[in-house]
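Comments concern the structure below.
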Amino acid sequence: MKQVALLGLVCLGGAGLAQAQAAPDSLPRPRSLSVTAGIGNAMGWLGLQGEKYLAQSRLSLFLGAGYTPAADEGDAKGAAFATGIRGFTPGIKHRGFLELSISQVAVQQFCFDACHRYYGPGLQAGYQFVSRGGFTLMLSAGIGVLFDPRPGDDRVGGLGGIGLGYTWRRH
């Protein structure tokens, strides 16, 4: 008789836990908007990025704006921009993403006068962490293609980024 009572308590306790995990109040609300600061192509190199989430936070549109400093005297520098779309894997805190963007892919070096910054389409894979409190970390890496390279310049460039910020959730 004791075993039956113990089994009943275990079953009821397990059902209670399962019900508590499925309660809508215990799950975080879908993401609404993120703002991140960092370095990388999608943030305009050294800059900020705003991201609007769609489709239950499985897609997002982003816009980045920043500044490209000259690594050495004579390198291209100036304002840079990026825009694109991301598709996310499911997840509450940890998610992967695939990104399609138009961004600054490369800069001309040792040009001194008529320096060029090259834009083009890019594809990146990445990781996003969003805590329950909203802290956000994004990491990404990929490849981009230059729209109009100068003779002798590579047509392909590496993309990457790291950003820290905050994510708001829907009410």
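The values are calculated or read from the model by the stated rules, or taken from the named source; none is laboratory data. Every value quoted in this text rests on a predicted model; they were computed, and no experiment measured them. Counting neighbours? That spans all protein chains shown, and the Cβs are built from the backbone with ideal geometry, glycine included.
The one condition from (1) at pLDDT below 95; (2) assigned to a strand (DSSP E or B); (3) surrounded by fewer than 17 Cβ atoms within 10 Å (Cβ to Cβ); (4) not basic (Lys, Arg) that Leu98 does not meet is (1). Just checking, does segment 3-25 include any residue being modelled with pLDDT of 80 or more and farther than 21 Å from Ile143 by Cβ? Checked segment 3-25: no residue is modelled with pLDDT of 80 or more and farther than 21 Å from Ile143 by Cβ.
Of all residues in segment 111-163, those satisfying the criterion of being of a type in the set (Ser, Thr, Tyr) and surrounded by 14 or more Cβ atoms within 10 Å (Cβ to Cβ) are Tyr118, Tyr119, Tyr127, Thr136, Ser140. Entry remark, segment 53-66: residues being farther than 19 Å from Gly158 by Cβ and in a strand (DSSP E or B) number 8 in total.
Determine, yes or no, whether Gln108 is buried (at least 16 other Cβ atoms within 10 Å of the Cβ), under 25 Å from Ala70 (Cβ atoms) and in contact (Cβ under 8 Å) with a residue 60 or more places away in the chain. Answer is no for this residue.
Filtering segment 67-94 to residues that are in contact (Cβ under 8 Å) with a residue 24 or more places away in the chain, assigned to a strand (DSSP E or B) and within 23 Å of Pro121 (Cβ to Cβ) leaves Thr68, Gly78, Ala79, Ala80, Phe81, Ala82, Gly84, Ile85, Arg86, Gly87, Phe88.
Residues of segment 111-136 that are assigned to a strand (DSSP E or B), within 18 Å of Gly66 (Cβ to Cβ) and of a type outside the set (Val, Ile, Thr): Arg117, Tyr118, Tyr119, Gly120, Gly122, Gln124, Gly126. A single member of Gly87, Gly91 is touching a Phe, Trp or Tyr at 6+ places or on another chain (Cβ under 7 Å) and either among the polar types (S, T, N, Q) or exposed (fewer than 15 other Cβ atoms within 10 Å of the Cβ) (or both), and it is Gly87. Residue count for segment 22-52 under the criterion of being in contact with a Phe, Trp or Tyr (Cβ under 9 Å, 6 or more places away or on another chain), part of a strand (DSSP E or B) and within 20 Å of Leu123 (Cβ to Cβ): the result is 5.
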